[in-house]
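The values are calculated or read from the model by the stated rules, or taken from the named source; none is laboratory data. None of the values given here were measured: they were computed from a predicted structure. FYI the Cβ positions are ideal-geometry reconstructions off the backbone, even for glycines, and counts take in every protein chain you see.
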Amino acid sequence: MKIGGLIKFTLIDYPGRVAAVVFTQGCNFRCRYCHNPELVYPHLLQGSMPEQEVMDFLHRRQGTLEGVVITGGEPTLHEDLLRFMADIKALGYLIKLDTNGTRPAVLEEAVKQHLVDYIAMDLKAPLEKYSLITGVEFDPKTLQRSMDIVRTCGLEYEFRTTYDKEVLTDADIRAISDSVQGQHYRVQECLPVAKEKATLKVMHTEL
């Protein structure tokens, strides 16, 4: 796994759980409001954090932390993600996976193998505006498949949208909400650059 950072304690990233957050490097989107560009753009990537360092930390925190959030970047791009999740589950942790939904086969396999307990899937825009937000073209059927997996998997889940008012409208938000029947859906503020940089600094903080 190419790991870009670790938050060792959070009360907000995994609803109802005391957790750690693992950030993976690399993403197949280029969202204009990306909060963690240092995890996305190849020219900004720094050296990866050794996976063993993360596992050693989680081993020491058994019985103190309840869950681990795996986010990015886009975690499902990593071929060893499922193995990494299995190693974390073997330590007794619950796992929350954050994803953009572009690799439904990985998502489906994680559910099938009981490697995930909570899924948070980003819905960037109505399908007709996706390329505007993400900077890439892709088959919308892929996204729909992931949405169906999330809705029917029987696990805790949420869909979420970052509301960039420069490109999205209230009507767009209503359309996204309607696409998931308004269930388990939340809208989050598009943070200004200054706040984004603060988030990145926190990501690398040792607690």
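Annotations
- Residue pairs meeting the criteria (Cβ under 8 Å; at least 6 apart or on separate chains; first at negative phi, in region 162-181; second among the acidic types (Asp, Glu)): 162/122; 162/189; 163/189
- Condition broken by residue 140, with the remaining ones in (1) surrounded by fewer than 18 Cβ atoms within 10 Å (Cβ to Cβ); (2) within 28 Å of residue 174 (Cα to Cα); (3) in contact with a Leu (Cβ under 6 Å, 6 or more places away or on another chain); (4) modelled with pLDDT of 95 or more satisfied: (4)
Results for (1) more than 22 Å from residue 114 (Cα to Cα); (2) modelled with pLDDT of 90 or more; (3) among the small types (Gly, Ala, Ser); (4) outside any helix (DSSP H, G or I), shown as yes or no for each residue.
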| residue | (1), (2), (3), (4) |
| --- | --- |
| 144 | no, yes, no, no |
| 147 | no, yes, no, no |
| 154 | no, yes, yes, yes |
| 162 | yes, yes, no, yes |
| 171 | yes, yes, yes, no |
| 176 | yes, yes, no, no |
| 182 | yes, no, yes, yes |
| 191 | yes, no, no, yes |
| 196 | yes, no, no, no |
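- Among the residues listed as 43, 35, the single one being in a helix (DSSP H, G or I) and out of contact with any Phe, Trp or Tyr (no Cβ under 8 Å at 6 or more places or on another chain): 43
- Counted residues, region 101-129 - those being of a type in the set (S, T, N, Q) and either closer than 19 Å to residue 83 by Cβ or surrounded by fewer than 18 Cβ atoms within 10 Å (Cβ to Cβ) (or both): 1
- Here is the figure for region 34-77: residues that are more than 13 Å from the chain's Cα centre (by Cα), surrounded by 20 or more Cβ atoms within 10 Å (Cβ to Cβ) and either among the polar types (S, T, N, Q) or closer than 14 Å to residue 116 by Cβ (or both) total 1.
- So residue 205, is it modelled with pLDDT under 85 and either β-branched (Val, Ile, Thr) or more than 19 Å from the chain's Cα centre (by Cα) (or both): yes
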